[in-house]
Amino acid sequence: MTTDERILAFGKRVREVRKDKGISQEKLAEMAGIDRSYMGNIERGEKNITLKKAYEICDALEIKMKDLV
């Protein structure tokens with residue numbers, strides 16, 4: 001089973017934005033209401049998250065969804 005390239009790209013973009021904003025993975029997870037280990041899975045493209053979670057991440061990063069896709 002191969003991972004969808006779009007999921008990998010989304011996770012990579014979350015990581016890039018988070019680092020650009022100087023936010024730790026643990027802090028972003030807390031801000032978005034997501035477990036830290038789950039956030040790591042998202043950033044590595046290991047989880048196909050719900051649209052609701054994607055918006056929660058966007059809210060925590062104070063960006064629009066289009067900035068992650």
Determine which single condition K66 fails, assuming it passes every other condition in (1) part of a helix (DSSP H, G or I); (2) under 11 Å from the mean Cα position of the chain (by Cα); (3) closer than 19 Å to E5 by Cβ.
-> (2)
If we keep only residues of region 1-56 that are touching an Asp or Glu at 6+ places or on another chain (Cβ under 6 Å) and closer than 11 Å to L68 by Cα, then the residue surrounded by the fewest Cβ atoms within 10 Å (Cβ to Cβ) is R15
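Values quoted throughout were computed directly from the atomic coordinates according to the rules given, and no laboratory measurement underlies them. A quick note: this is a predicted structure, and the numbers were derived from the prediction, not measured. Please note: Cβ atoms are built from the backbone with ideal geometry, for glycine as well, and neighbour counts cover all protein chains shown.
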